[in-house]
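S.K.: Have a look at this one before I ask anything.
The values are calculated or read from the model by the stated rules, or taken from the named source; none is laboratory data. Worth saying up front: this structure is predicted, and the values here are computed from it rather than measured. Counting neighbours? That spans all protein chains shown, and the Cβs are built from the backbone with ideal geometry, glycine included. Heavy atoms of the whole protein, side chains included, go into the accessibility calculation; ligands, DNA and RNA do not. Shrake-Rupley method; radii C 1.70, N 1.55, O 1.52, S 1.80 Å.
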Amino acid sequence: MTEVRLGTRRRALVPLAGGLAALIAMFQLVSSSALAVNFTTADQEFKLYSNYLQGAQAAGFLATNDASTGQDNGVAELGIRSAKLAGLCAIAHETVPVVGEVSLMILAGVPVKGSFANGSNTTADGAGNALTFDADGLLTGGNHITASNLFVNSRSLNGFGNLISGMNLGQSADTVDEKAGIAWPGGQAQPDPGDFGLTVDRLNVGGLGGDTYGINLQGAITLPNLKIKVVPGRKTQADCPTQAAG
Amino acid sequence: MTAQVRRRTRAARTAFRSFRRTRPFWGGLWCILAGALIVRSMFFSFLLAVSGGWSYSAGYILGGGLVLFGLVAWFAPHYRGLVGLLAVGLALAAFVAANLGGYLVGSVLGILGGSMVWAWGEKAPRRRVAGRRRAVPVS
């Protein structure tokens, strides 16, 4: 037979294996906080949970956010110059044809607790290990997520303030970024002079939960113990510890 | 009437088959899908992408590049060796720069598609297997 067959040859395995090995290596680097990644979302609603947020130099104001549905939502824009998070559990829901509803879960750091029922249980993580603090009340121990210039716009944020100092409520919104030493990312809603704004020097919040539309990292984020999962069904915060363990 | 419809669909299927078999079709398709997934994971308004800097535009640049390379693989298969490897590189870059490469799926698809585009070509002739119609005679 003198026919020429055209198709994918077996040598495809060479770049495939190389590429996947590089991807796994990068995943491991991200997971061991050696490599920082860029993570930006704007219009998808996320549920965001963390055992403990420790922020230094934060500023916030009220703004509107356009969702991909074309709907305008009132949100609080919060910018933190440097933040440390004890555990991260982000959940987004999506309806996929044929499969039905799936949940995308991004887990990093120590496991997040299944619920933050009251303020007293916010000093332990989802695996039951106590979070450790130094004499100044700052988080110690490894495996925490560190981010610089973290911007979150959320419809609701709740938690238990543990240690908050240097708070100024009602500052003119156009001056809060300068006070905190941050710059609002271009393209998002910018504050108007005279609007309500706030600044905080130290912001430590236990049991953080929020409905957020956007996470924007102008700086880099480290994500130790990173896990990305797509699981069928509608997952909630209660699934965070089990998904982080499995 | 039905005979005509059947003839038309058969002609379309034959045309599609010859389209598929003369270019790195599947590799290009995975590249396009990977690019679409990466763009979808960072789908901002055009204004935001232009004014917001790299953290807003990375999805369009890297995902759009993958879509472009997939289309090049389809319509200019001559360049498959180059665009295949570039697509693998873009898929890897997207993992760092574009929401973990469209939540990982886009990067994996891009690596697979790029490898398949790169490796597409003349296969070694195979002894004929009875009853199979895998081979297409060219010219």
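S.K.: Taking the stretch B:106-122, which residues are within 8 Å of chain A (Cβ to nearest Cβ) and either farther than 18 Å from residue B:27 by Cα or not hydroxyl-bearing (Ser, Thr, Tyr) (or both)? Write out each step before concluding.
M.R.: Of the stretch B:106-122, the ones within 8 Å of chain A (Cβ to nearest Cβ) are B:107-108, B:111-112, B:114-116, B:118-122.
B:108, B:111, B:112, B:114, B:116, B:118, B:119, B:120, B:121, B:122, listed by residue number.
S.K.: Which residues, taken from the stretch B:42-55, are at the interface with chain A (Cβ under 7 Å from one of its Cβ atoms) and assigned to a helix (DSSP H, G or I)?
M.R.: Across the stretch B:42-55, the qualifying residues are B:47, B:48, B:51, B:55.
S.K.: Using beta carbons and a limit of 6 Å, which pairs, at least six apart or on different chains, have the first residue in the stretch B:56-68 and over 14 Å from residue B:30 (Cβ atoms) and within 12 Å of another protein chain (Cβ to nearest Cβ) and the second one of a type in the set (Gly, Ala, Ser) and part of a helix (DSSP H, G or I)?
M.R.: From residues that are over 14 Å from residue B:30 (Cβ atoms) and within 12 Å of another protein chain (Cβ to nearest Cβ), the pairs are B:56/B:49; B:57/B:49; B:58/B:97; B:60/B:49; B:62/B:93; B:62/B:94.
S.K.: Among what's in the stretch B:71-95 and is closer than 19 Å to residue A:20 by Cα and not hydrophobic (A, V, I, L, M, F, W, C), pick the residue that is least open to solvent (accessible area, probe 1.4 Å).
M.R.: For the stretch B:71-95, the residue satisfying everything is B:84.
S.K.: Could you list all residues from the stretch B:100-123 that are surrounded by fewer than 24 Cβ atoms within 10 Å (Cβ to Cβ), in contact with a helix residue (DSSP H, G or I) (Cβ under 9 Å, 6 or more places away or on another chain) and modelled with pLDDT under 90?
M.R.: Scanning the stretch B:100-123 gives B:103, B:104, B:105, B:121, B:123.
S.K.: Out of everything in the stretch B:26-59 that is of a type in the set (Ser, Thr, Tyr) and at pLDDT 75 or above, what residue ends up being nearest to the chain's Cα centre (by Cα)?
M.R.: Applying the filter and picking the extreme gives B:41.
S.K.: Since residue B:137 meets every condition but one in (1) open to solvent by 70 Å² or more (accessible area, probe 1.4 Å); (2) modelled with pLDDT of 75 or more, which condition does it not meet?
M.R.: Every condition holds for residue B:137 apart from (2).
S.K.: With respect to residue A:209, determine if the residue is within 17 Å of the chain's Cα centre (by Cα) and under 23 Å from residue A:163 (Cβ atoms).
M.R.: Spelling it out, residue A:209 is indeed within 17 Å of the chain's Cα centre (by Cα) and under 23 Å from residue A:163 (Cβ atoms).
S.K.: Separate question: Conditions: (1) within 14 Å of another protein chain (Cβ to nearest Cβ); (2) in a loop (DSSP other than H, G, I, E, B); (3) among the hydrophobic types (A, V, I, L, M, F, W, C). Residue A:228 meets all but one. Number of the miss?
M.R.: Against the list (1) within 14 Å of another protein chain (Cβ to nearest Cβ); (2) in a loop (DSSP other than H, G, I, E, B); (3) among the hydrophobic types (A, V, I, L, M, F, W, C), residue A:228 comes up short only on (2).
S.K.: Do any residues in the stretch B:1-26 that are loosely packed, with under 10 Cβ neighbours inside 10 Å have Cβ atoms under 6 Å from those of residues that are assigned to a loop (DSSP other than H, G, I, E, B), where the two are at least six apart or on different chains, and which pairs are they?
M.R.: none
S.K.: On to the next question. Is it true that some residue in the stretch A:163-175 is touching a residue at least 40 places away in the same chain (Cβ under 8 Å) and open to solvent by less than 40 Å² (accessible area, probe 1.4 Å)? Before you say what the answer is, go through the steps one by one.
M.R.: Start the filter on the stretch A:163-175 by keeping residues that are touching a residue at least 40 places away in the same chain (Cβ under 8 Å), which leaves A:163-164, A:173.
Narrowing further to those that are open to solvent by less than 40 Å² (accessible area, probe 1.4 Å): A:173.
Within the stretch A:163-175 (the criterion being touching a residue at least 40 places away in the same chain (Cβ under 8 Å) and open to solvent by less than 40 Å² (accessible area, probe 1.4 Å)), the answer is yes, since at least one residue qualifies.
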